[in-house]
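The values are calculated or read from the model by the stated rules, or taken from the named source; none is laboratory data. Because the structure is predicted, anything quoted here is derived from the model rather than measured. Ideal geometry is used to build each Cβ from the backbone, glycine not excepted, and the neighbour counts take in all protein chains shown.
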Amino acid sequence: MSDHYQTLGVSKGATADEIKKAYRKLARELHPDVNPDPKTQEKFKEVTEAYDVLGDPQKRQSYDMGGSNQFGGANFGGGFSDIMDAFFGGGGSRGPRPRTRAGQDSLIRIQVDLNEACFGTEREITVESAVVCPKCTGTGCQDGQHPEVCVACKGRGETQQVVRSVIGQVMTSRPCNACQGYGSVIKLPCRECAGEGRVRSRQTIDVKIPAGVETGNRIQMSGRGEVGAGGGPAGDLYVEIVEERHEYLVRDGDTLHMSLEVTMIAAALGTTVTVESLDGPVDINIKPGTQSGTPIVVKSKGMTRLRRGDRGDLIVHIEVITPTKLSKDEEKILRSFAEARGEKANEAHVKGQDGSIFSKLKGVFHK
């Protein structure tokens with residue numbers, strides 16, 4: 001028996017995509033409709049048989065381990081696995097396996113900005129996935145044909161064989177080599193999908209992103225994933241949210257944080273500052289004597305709570321900016337200001353955990 005890898009013209013380390021690509025190329029060249037020569041038809045059967053084995057991960061693994069005798073006739077010296085097969089029905093074969101199988105789920109990540117995450121949005125995304133072959137509508141056959149009952153196993157999908165082992169002759173059941181366990185064969189595979197019943201295709205999908213999503217949230221879209229082999233039911237598509245970093249707003253759950261720098265004079269005298277929030281301009285009232293680190297809470301200007309609709313808060317953190325360079329006139333004014341308040345320019349206090357001042361440090365600002 002010829003080597004399946006050699007038949008398809010690929011190496012033993014070839015990937016599944018490389019094997020599929022090689023098969024499709026040969027199938028188009030050797031197909032009976034293209035080349036009716038009997039020798040070419042025989043070669044086409046060999047190529048199809050090779051792909052049936054190497055195109056299935058489990059069959060390929062069995063083939064790599066057992067070689068050409070993996071599904072052969074009577075063998076001598078059957079091993080422990082053959083003995084177990086005889087007693088417990090090895091190979092998992094219990095009648096023909098279906099050609100139609102459920103498809104896999106798909107995952108795609110999309111980025112949204114903070115505004116979209118807060119209020120929700122709609123997106124149009126393009127995904128590439130397996131869809132039902134438009135040529136054969138999932139049958140895997142061409143020209144409206146259908147899979148035919150396998151002559152070798154008469155549709156059972158399995159064959160029995162006698163194996164001689166250390167305990168004598170035992171009868172085992174194996175997937176039929178002629179139909180690979182399907183119980184049917186496709187004599188003329190569809191040229192578009194090479195008998196797969198599905199093809200890769202790009203499609204555009206509308207996604208509704210609800211208000212309040214954040215990084216890691218997934219939106220499930222039932223039936224929009226990969227179509228299964230043989231045109232089987234599609235899996236689900238999951239759209240995972242990745243939230244982009246905002247220029248100055250920081251999110252913590254449903255709360256938004258903002259740092260606002262104000263001058264020492266503004267903090268001492270008090271002022272009103274207008275800042276830009278997700279809802280537009282918001283006035284921040286800074287009371288006279290506001291200290292650095294003081295939080296100002298703006299109610300209901302934070303993030304929307306997912307599946308609830310209400311809003312968190314916006315917290316504005318005040319940072320008082322102390323001048324680093326003073327002119328002689330500015331320094332004189334500040335010293336006069338300190339004297340007017342009865343303060344010393346080189347005086348500092350240590351604050352206890354109970355809020356009381358328990359000591360003084362002198363010379364901290366000694367010039």
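So the values come out like this:
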read-out	value
Condition check for T100: in the same structural domain as E226 (by TED's automatic domain parsing), loosely packed, with under 12 Cβ neighbours inside 10 Å and modelled with pLDDT of 80 or more	no
Criterion (at pLDDT below 90 and under 57 Å from the mean Cα position of the chain (by Cα)) met by exactly one of S292, S356	S356
Any pair with Cβ under 8 angstrom, 6 or more apart, that starts in segment 208-229 at a residue that is over 30 Å from T255 (Cα atoms) and ends at one that is among the basic types (K, R) and part of a loop (DSSP other than H, G, I, E, B)	G228/R101; A229/R99; A229/R101
Segment 304-353 - residue that is in contact with a helix residue (DSSP H, G or I) (Cβ under 9 Å, 6 or more places away or on another chain) and among the hydroxyl-bearing types (S, T, Y) and, of those, modelled with the highest pLDDT	T304
Condition check for G293: of a type in the set (G, A, S) and in contact with a Ser or Thr (Cβ under 9 Å, 6 or more places away or on another chain)	no
Top-ranked residue of segment 183-200 - restricted to ones that are under 16 Å from V132 (Cβ atoms) and not in a loop (DSSP other than H, G, I, E, B), ranked as nearest to the chain's Cα centre (by Cα)	R200
First in segment 261-278 and assigned to a helix (DSSP H, G or I), second anywhere and among the hydroxyl-bearing types (S, T, Y), Cβ under 6 Å, 6 or more apart	M264/T322; A267/T290
Residue selected from segment 103-151 under the condition in a strand (DSSP E or B) and among the acidic types (D, E), by the criterion surrounded by the most Cβ atoms within 10 Å (Cβ to Cβ)	E148
Scan of segment 161-186 for residues that are within 22 Å of L30 (Cα to Cα) and either aliphatic (A, V, I, L, M) or modelled with pLDDT of 90 or more (or both), ordered by number	A178, C179, S184, V185, I186
Sole residue being under 15 Å from G55 (Cβ atoms) and either buried (at least 16 other Cβ atoms within 10 Å of the Cβ) or at pLDDT 95 or above (or both), chosen from A234, A211, A229	A229
Exclusive hit being surrounded by 12 or more Cβ atoms within 10 Å (Cβ to Cβ), of a type in the set (A, V, I, L, M), in contact (Cβ under 8 Å) with a residue 24 or more places away in the chain and closer than 30 Å to C179 by Cα, set V242, V199	V199
